[in-house]
Each structure stands twice: as C-alpha cells, then as structure tokens.
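Please read the structure below before turning to the comments.
The values are calculated or read from the model by the stated rules, or taken from the named source; none is laboratory data. Remember, it's a predicted structure, so these values are computed and weren't measured experimentally. Quick reminder, even Gly has a Cβ in these numbers, built from the backbone with ideal geometry, and neighbours come from all protein chains shown. Keep in mind that these areas ignore ligands, DNA and RNA; they rest on the heavy atoms of the full protein, side chains included. Shrake-Rupley method; radii C 1.70, N 1.55, O 1.52, S 1.80 Å.
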Amino acid sequence: MSFPWANEYKPAFGLTQWLDEKLPLPRFVYNAVGAGYPVPRNLNYMWNFGVLAGFCLVLQIVTGVILAMHYAPNALVAFDSTEHIMRDVNWGWMMRYAHANGASAFFVVVYLHIFRGFFYSSYKAPREMIWLLGVVIFLLMMATAFMGYVLPWGQMSFWGAKVITGLFGAIPVVGEPLQIWLLGGFAPDNAALNRFFSLHFLLPFVIAGVIILHIWALHIPGSSNPTGVEVKAESDTVPFHPYYTAKDGFGLGVFLLIYCAILFFAPNALGHPDNYIPANPLSTPAHIVPEWYFWPFYAILRAFTYDFFFIPAKLMGVLAMFGSILVWFFLPWLDTSPVRSGHYRPLFRKFFWFGLIPTMAILFYCGGAPAEEPFVMLSQLASLYYFAHFLIILPLVSSIEKPEPLPFSITEAVLGKDESAVLNANPAAA
C-alpha cells in the first residue's frame, strides 16, 4: 500500500538517475523493502520469520545447485554419488549438511510464520490472498522436501518413497494406475529417482515465483500488526528501512548462530541413521518414518485404522492428511470475528494455547513414534480435536466471544492516546 506520507525515491547521482529512467529497479527495491515502504510501528519479532523464510529459500537454492553439479540421479550410483560429495568434493560435506539442515530450518521458520498467522488472524480480510498464496507455498515446500529426501537413495529414502507414493494407490479406480504413472514402474527405481530429482530442482524456483506473488499481495493492503488495527495516520508507521531492516538483521544473526551450531556440531541430529544404509528393496526397516517436519500429518494419516462402511481406512487417512492442510484455505471464512489479534480475543486465546498448540505437539510426537498403542489412540484423539478446532470451535468462538476493547490506533497501543490520529480519522471532532 502506498500511503500519502511514504518517502519518495530521489536518485542523487547521474548513474542512478539514468538507471531510474531506463530500468527503475532501485526505485522498486526502495518502495518494496526500503524507506519508501511505511509499515506499522509495532511489529514484534514474530514478523521476522517471513524474511528468514526467504533467506532459507535462497540458501536452499544456492546449496542445491552446487550439490546438483556432483549428484548422479541414477539408482545404481545415487548413494555412492552422495558419499562422493561427502568425502571427495571440496567442502562437499558442508554443502550437503547445509542443504539438509537448511530444509529443517526452512520448515521451522515457516511453521512459526504460519502459527503467527493463526494467532493474529493474518488470514482475515483484506489479506485473504496473502494467506491463500502462503498455503500454496507450504504445499509446494512439502512436495519439494519429500522428493529431496528420496535423492540420497538410502534405506529411509527408498521406503519413504514407497510408503508416500503408495498413498495414491488408495484412490478408488485411478489410484493404482496413477501410482505406476508417477513412479514410472511398480516400485521406486531409476525412473522415479530421475523424476524426483528433476522436480526437486525445478520446484524451488516455482516457490520463488509464488513468494513474489505473496509479497506483491502483501504490499496491496500493507502489513498486519499485533493489534490487528489498521493504519490510520502517519504516526502509526515507520519506514521499513532502517527500522525493520535492522530488526530483521538482528533476527537473521540469531538464526544463523543456531543454524551454524547445528550445522557444525550436530549435523545429523535431525536425520535418520538408516539413510546411511544403501537402499535395499528386499529389507524393510523396522520403523519407517518421514522427516520430522511431516510427523503431525503422518500421525493424522495413521490415525485411521478401521474401514468405515465402504470407505477403506487407508483412503480416509489419505483424505484426512490432505484435508488437514486444505482446511487452512477456508480460515478467512471460518473465522468470522471482527477482531483479528488473539491478544483481544480471550476465548480464542485459550483454545489456541491450550487446545491447538498441545494438539500439534501430540501429533508431532505420535508421528515419529511407532504405529502402536498408546500412540495410535493419541493420534486419533488429537486428529479429532485438530479438525474440530478449525471446523467447529473456531466458527463457534468467533460468533459468541466478547472481545476486549481495541485501541483506537496503533500509536495509541504503543504510546497511549493519540490525538492526531483521532482528528485525522474524524475531522469534525476538531
């Protein structure tokens, strides 16, 4: 959003003036992430994770391109080429660990970004398109991460691909032909590995394109903020640069400290030891699990253990797993409360902190646990609450709760009563 008080780009040198006339890229950057972009003055550190997610994507693309120069997408030599990268390529071990742990870091910051959106209702009008594009980005991330996990061609890579692609076989009539078509055969092999490598290389650039649309959609209504109150006057905003570039820079520094600590001191902490065993179609691992960032959805998939009339349990699990993410698309219309921020919604806040968050923690734990009791029963109860939270509790709470009084403006929430904002919003009061 371009506010009347936004700073105007004024090139100071001959070269920048010429460039501004021929290709106004500096002007675009200035107005998009510079001093020409006014943002709410009260953004907290939960608003850092969008920038961190962008940094993680760049990190993944750079390290991924370097790894692709040495990786061989062939079932006979894929595992050996991965070991070649680790042992023979200069700094290859660091590139691979940076890429593998970068995927985990990417999901950490994106999950925090999403749950910030849940708490502050960032999906509400006029920001529905931002939210919808964000869910699309998350689905693309999941597809990219799954195919990347297959590429080392270790035991967990092979059997993870076998289990996940097997989900398509649960679709009536077209499921089995679809699964064979996706794999290029009856089981993961050379054809599947080539396809997964090709798509794994392509999809990050698709994600980058959708992120551009995501940011473009963000700049139309402007950023949300912790109060959920829209900008009313110049006093409610500050230029993005230098205020939030500095804040984002500090957040990036903290992120890099944690990321580098894991990268150099515990690079395999988030991986699975079975993936250092070459893929063997004749030896099934005792416990097949996806990467940790898929565990909550994997728990929902395994929560269905009995057929329901003519619907097989496997099909219900697949539908529930995909439905657990697709339900996010409808949040702008399921949550009808006129108040955005959870800080001013006491009942919503209780269900968020004592309902949704513990439920996600249980699903996360059960997804990484063996498919046995009591984990299956806990997954079933948590899955039931998960869907009830979004489809029943959220609409009900938004219609019956009494929100707390909102501040008149962002400035009032930060500094106390703001007379100038009141006069600007209601000139008759003067």
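Listed values, structure above:
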{"read-out": "Any pair with Cβ under 7 angstrom, 6 or more apart, that starts in the stretch 123-141 at a residue that is assigned by TED's automatic domain parsing to the domain that holds Trp216 and ends at one that is open to solvent by 50 Å² or more (accessible area, probe 1.4 Å) and β-branched (Val, Ile, Thr)", "value": "Leu140/Val206"}
{"read-out": "Val29 vs. criteria open to solvent by 40 Å² or more (accessible area, probe 1.4 Å), assigned to a helix (DSSP H, G or I) and either assigned by TED's automatic domain parsing to the domain that holds Arg127 or touching a Phe, Trp or Tyr at 6+ places or on another chain (Cβ under 8 Å) (or both)", "value": "no"}
{"read-out": "Hits in the stretch 369-407 (condition: surrounded by 19 or more Cβ atoms within 10 Å (Cβ to Cβ) and farther than 25 Å from Arg349 by Cβ)", "value": "Phe375, Ser379"}
{"read-out": "Verdict on Ala320 being open to solvent by less than 50 Å² (accessible area, probe 1.4 Å) and in contact (Cβ under 8 Å) with a residue 40 or more places away in the chain", "value": "yes"}
{"read-out": "Subset of the stretch 240-270 (residues that are outside any helix (DSSP H, G or I), open to solvent by 50 Å² or more (accessible area, probe 1.4 Å) and in contact with a helix residue (DSSP H, G or I) (Cβ under 7 Å, 6 or more places away or on another chain))", "value": "Ala269, Leu270"}
{"read-out": "Residues of the stretch 209-234 satisfying the condition of being within 13 Å of Glu128 (Cα to Cα), open to solvent by less than 30 Å² (accessible area, probe 1.4 Å) and part of a helix (DSSP H, G or I)", "value": "Ala217"}
{"read-out": "Hits in the stretch 90-123 - residues which are over 17 Å from the mean Cα position of the chain (by Cα) and either modelled with pLDDT under 95 or assigned to a helix (DSSP H, G or I) (or both)", "value": "Gly92, Trp93, Met94, Met95, Arg96, Tyr97, Ala98"}
{"read-out": "Residue match in the stretch 341-362 (condition: more than 24 Å from Phe297 (Cβ to Cβ), open to solvent by less than 60 Å² (accessible area, probe 1.4 Å), assigned to a loop (DSSP other than H, G, I, E, B) and touching a Lys or Arg at 6+ places or on another chain (Cβ under 6 Å))", "value": "no"}
{"read-out": "Index of the failed condition, Thr165 passing every other in (1) part of a helix (DSSP H, G or I); (2) open to solvent by less than 10 Å² (accessible area, probe 1.4 Å); (3) touching a Leu at 6+ places or on another chain (Cβ under 9 Å); (4) within 30 Å of Val39 (Cβ to Cβ)", "value": "(4)"}
{"read-out": "Some residue of the stretch 222-230 being over 30 Å from Lys314 (Cα atoms) and among the acidic types (Asp, Glu)", "value": "yes"}
{"read-out": "Candidates Leu52, Leu23, Leu67 - the one that is surrounded by fewer than 20 Cβ atoms within 10 Å (Cβ to Cβ) and among the hydrophobic types (A, V, I, L, M, F, W, C)", "value": "Leu23"}
{"read-out": "Extreme residue, modelled with the lowest pLDDT, among residues of the stretch 32-49 that are open to solvent by 50 Å² or more (accessible area, probe 1.4 Å) and out of contact with any strand residue (DSSP E or B) (no Cβ under 8 Å at 6 or more places or on another chain)", "value": "Val33"}
{"read-out": "Qualifying positions in the stretch 293-308 - open to solvent by 40 Å² or more (accessible area, probe 1.4 Å) and not β-branched (Val, Ile, Thr)", "value": "Trp295, Arg302, Phe304, Tyr306, Asp307, Phe308"}
